[in-house]
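**Q** First the structure, then my questions, so here it is.
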Amino acid sequence: HIMVSEALLLPLRLTREISDAVHAKSLGNPLFAKSLLRQLVDENILRYSLSKKRWVWDINVVKSVTVDDNVAELMKHKLLRLPNQIQDALKLISCFGTQVSNDIISKLCSSSETSGDAITTSLEVARKEHILDHNDQVYKFAHDTLQQSAYDLMSSAEKGGCHFRIGLHLMSSGCHHT
């Protein structure tokens, strides 16, 4: 947060939102954060306003910026360094796209051959690693590239098997739609 605040010559309270977005997209790597800030300036998303005499941005546009291949590769390597149990939980929820409801996770945990506690514990570790965000409604990948990286850790056959098992679990738990 301090790095972005100092780079923009603005107090932390004004840069918190953009700092959070830059941190999530760069996974906290200062070199990638600097590169992302440069990209935002080059694309005129982060620009200096002469009338306001400060840097300005649209946070929704900042959040929608696609990270470059170097950051995507960093994300994939970060996932590969995680214990297998956490990778498995991330692979499971990556089958739902960028987010999955807590209700679906509960249903998967209650009918899963894996302990429900193991899945939720793994997802909590992933949240602490800034891979996932979590609120009362959903688990959400901090970035769509993380979701794709988790999904790409599986072969085509594994993906098919995972989707099939998810369908069976949800059918057996009485969930007919997701």
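**Q** Tell me the carbon and sulfur percent of the accessible area for the chain, rounded to whole percent, probe radius 1.4 Å.
**A** 52
**Q** Hey, what's the stretch 1-102 come to in accessible area per residue, 1.4 Å probe, Å²?
**A** With the other protein chains kept in place, the stretch 1-102 gives 58 Å² per residue.
**Q** Report, to two decimal places, the Cα Rg of the stretch 84-164 normalised by 2.2 N^0.38 Å (N = number of residues).
**A** Output field value: 0.98.
**Q** Expressed as an acute angle from 0 to 90° and rounded to the nearest 10, what is the orientation of the C-alpha long axis of helix 30-42 relative to the principal long axis of the chain?
**A** Taking the Cα atoms of the chain, the angle to 30-42 is about 60 degrees.
**Q** On a C-alpha basis, how far is the centre of the stretch 120-178 from the centre of the stretch 34-88 in Å? Whole number, if you could?
**A** The two parts, judged by their Cα centres, are 23 Å apart.
**Q** Can you send over the solvent-accessible area of L50, 1.4 Å probe, protein chains only, in Å² to the nearest 10?
**A** 140
**Q** Just the Kirkwood number for the stretch 1-109, please: inverse of mean 1/r across all distinct Cα pairs, in Å, one decimal.
**A** Values: mean 1/r = 0.0629 Å⁻¹.
Result for the stretch 1-109 stands at 15.9 Å.
**Q** Scan the chain and report its longest stretch carrying no trypsin sites (Lys or Arg not before Pro) that are both in a DSSP loop and have at most 16 other Cβ atoms within 10 Å.
**A** Answer - 82-178.
**Q** For T145, T98, give me the order by solvent-accessible area with a 1.4 Å probe, most accessible first, ignoring ligands, DNA and RNA.
**A** T98, T145
The values are calculated or read from the model by the stated rules, or taken from the named source; none is laboratory data. From a predicted model like this one, the values you see are computed outputs, not experimental measurements. No Cβ is skipped: glycine too gets one built from the backbone with ideal geometry, and neighbour counts run over all protein chains shown. These accessible areas exclude ligands, DNA and RNA; they are computed on the full protein's heavy atoms, side chains included. Shrake-Rupley method; radii C 1.70, N 1.55, O 1.52, S 1.80 Å.
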